[in-house]
1. Quick check on region 98-116. Is at least one of its residues touching a residue at least 24 places away in the same chain (Cβ under 8 Å), among the aliphatic types (A, V, I, L, M) and open to solvent by 20 Å² or more (accessible area, probe 1.4 Å)?
2. Anything in region 164-198 that is of a type in the set (D, E, K, R) and either outside any helix (DSSP H, G or I) or over 19 Å from Thr154 (Cβ atoms) (or both)? List them, or say none.
3. Please state which of the following conditions Lys173 fails to meet, knowing it meets all the rest: (1) touching a residue at least 24 places away in the same chain (Cβ under 8 Å); (2) within 25 Å of Ser196 (Cβ to Cβ); (3) surrounded by fewer than 18 Cβ atoms within 10 Å (Cβ to Cβ).
4. Could you say whether any residue in region 35-47 is without any contact (Cβ under 8 Å) to a residue 12 or more places away in the chain, surrounded by 11 or more Cβ atoms within 10 Å (Cβ to Cβ) and among the acidic types (Asp, Glu)?
5. Taking into account only those residues within region 176-193 that are open to solvent by less than 40 Å² (accessible area, probe 1.4 Å) and under 23 Å from Leu127 (Cβ atoms), which is farthest from the chain's Cα centre (by Cα)?
6. Which residues, counting only those in region 70-80, are within 25 Å of the chain's Cα centre (by Cα) and not hydrophobic (A, V, I, L, M, F, W, C)?
7. Does Glu212 satisfy being part of a helix (DSSP H, G or I), loosely packed, with under 13 Cβ neighbours inside 10 Å and either over 29 Å from the mean Cα position of the chain (by Cα) or at pLDDT 90 or above (or both)?
8. Only one of these is in a helix (DSSP H, G or I) and aromatic (Phe, Trp, Tyr): Tyr99, Tyr110. Name it.
Amino acid sequence: VRSVYNDDAVGKVMSHLARYDTDIRSASYTPSDVDYLSHVPKEILDEIKCDPSRISFGPGVKIVKEGDELRAYRLSIVHSSSGAAFDLTEESAGTREAYEIVGTIFDSEYDDVTYVFDNFGSALHPLLVKHMVQEFIEENRNTKNQFIIATHHTSIMTLDLYRRDEFWFIEKKGGCSVLYSLEQYEKNVRFDAVLSKGYLEGRFGALPVFDEICSSNDKCCL
């Protein structure tokens, strides 16, 4: 994912996040007291001065060229309930993930991009994950942008969002990952089926297999 580096972009992202019940009021970049560049070799610093965006020190950090010097800024987020400002690294894992996702897919200037996310929404509420997917689909109806995600969230397993051929499962077999489509179950899947229920019941495979749970007195533990 890309980082959001300018205040205008940050404002757009924060207004988006405010609709997600995050308690975020505003955000801006402030000078950092951490010297991120002290251990960077000189030859790399010279390259960075030509294009500071070529280096990243993590989410919420930007390097700016001011005159002949490079300066680090950190993102400061203000909450509505307390008015207190927090560094992005002090926010919850969910807020940090939401910030990165929104800054990547909802503040893009492009209309022909494929966004790929692994473990999408790992720190987010299932309803928020579904809402983000719905928003992406709605806002990109007139673009060629695509959204490819790997996730464990069953909240988005619905034919209201995707076609059958857009659902793929990954089954672990002998240490390998086997990829197959929901299409192969076409005859057994109604158009109004609750896919998440069927999946969790084991109808489509791709579920973890656990050892039996038992007490110390049970024979299976002997």
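The values are calculated or read from the model by the stated rules, or taken from the named source; none is laboratory data. Being a predicted model, the structure only gives us computed values, none of them experimental. When we count neighbours, we look across all protein chains shown, and the Cβ atoms used for this are built from the backbone with ideal geometry, even at glycine. Heads up: the accessible areas ignore ligands, DNA and RNA and are worked out on the full protein's heavy atoms, side chains in. Shrake-Rupley method; radii C 1.70, N 1.55, O 1.52, S 1.80 Å.
1. yes
2. Glu171, Lys172, Lys173, Glu186, Lys187, Arg190, Asp192
3. Among (1) touching a residue at least 24 places away in the same chain (Cβ under 8 Å); (2) within 25 Å of Ser196 (Cβ to Cβ); (3) surrounded by fewer than 18 Cβ atoms within 10 Å (Cβ to Cβ), the lone unmet condition for Lys173 is (1).
4. yes
5. For region 176-193, the residue satisfying everything is Ala193.
6. Tyr73, Arg74, Ser76, His79, Ser80, listed by residue number.
7. No; evaluated as a whole, the condition is false for this residue.
8. Tyr99
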